[in-house]
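Reviewing the structure listed below.
The values are calculated or read from the model by the stated rules, or taken from the named source; none is laboratory data. Just so it is clear, the model here is predicted, and its values are computed rather than measured. In this analysis, Cβ positions are derived from the backbone assuming ideal geometry, glycine residues included, and neighbour counts consider all displayed protein chains. In case anyone asks, the SASA skips ligands and DNA or RNA and just uses the protein heavy atoms, side chains included. Shrake-Rupley method; radii C 1.70, N 1.55, O 1.52, S 1.80 Å.
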Amino acid sequence: MRRLFSALAVTGCLLTSFPAISWAQSQGFTLFSGVKSENQLPFRLDFEGQRLGTDRYRLRLPAKKMTLAVAQFAITYPNYYKGTFDPKNVEVRVNGKSVPLSEVKWDKEGRVIEIFPQEPVPAGTGVELVLSNVQNPPFGGIFYFNCQVLSPGDLPMLRYLGSWIISIS
């Protein structure tokens, strides 16, 4: 019996000693988010999402989500998110390589960031939308950032790809 308790104690210590960063910023296991698991998108906050801190958001779109070419990315966020974005510090990375952008617009009132690559991003490629120099909001919380895209030659209507569930502490 003593060995069992010793083994449990050691296992507990090992599990709790993993750095918090290994659990943070992953899709993980989200209960009651309102977003189906197949619509939850992976992301990473380079500077741990501290309130009032400057951060870099790496919002990822897996290749399997990119079923059509994309001429425009639109990131919408909730009205209670009070952070700021720097449109001059936005990058689109396709399969790890930066692509040239023709324009980035941040509509503060409409709560949307529109990103226009010079050339459409091909279907079936992994994409990372990198938002640098982001000023996190003064109050923490969970924020749903939604990704919509417009395909070339498509009807001028944005199509939903998924949501990033971002936590600021």
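Report, please, the projected area of region 28-89 averaged over directions, based on the convex hull of its C-alpha atoms, in nm².
Result: 6.0 nm².
Using the alpha-carbon centroid of each, what span in Å lies between region 90-169 and region 33-74?
8
What accessible area, in Å² to the nearest ten, does a 1.4 Å probe give for Val90?
Taking all protein chains as shown, Val90 has close to 20 Å².
Compare Val134, Val104 by solvent-accessible area with a 1.4 Å probe and give them largest first, with all protein chains kept in place.
Result, largest first: Val104, Val134.
Listed highest first by mean packing, meaning other Cβ atoms within 10 Å per residue, what order do 106-118, 71-83 come in?
By packing density, highest mean first, the sequence is 71-83, 106-118.
Just need the relative contact order of region 98-169 here, percent rounded to a whole number, with Cα pairs under 8 Å and 6+ apart.
24
What nm distance separates the two modelled labels at Phe47 and Glu119, each placed 7 Å from Cα along Cα→Cβ?
3.4
For region 68-135, what is one quarter of the convex hull surface built on the Cα atoms, given in nm²?
4.6
What pairs in Lys82/Lys105; Lys64/Lys88; Lys36/Lys97 have C-alpha atoms more than 26 Å from each other?
Check vs 26 Å cut-off fails for Lys64/Lys88; Lys36/Lys97.
To the nearest whole percent, what portion of all C-alpha pairs in region 46-168 is separated by more than 26 angstrom?
Cα-Cα pairs of region 46-168 separated by over 26 Å account for 16 percent.
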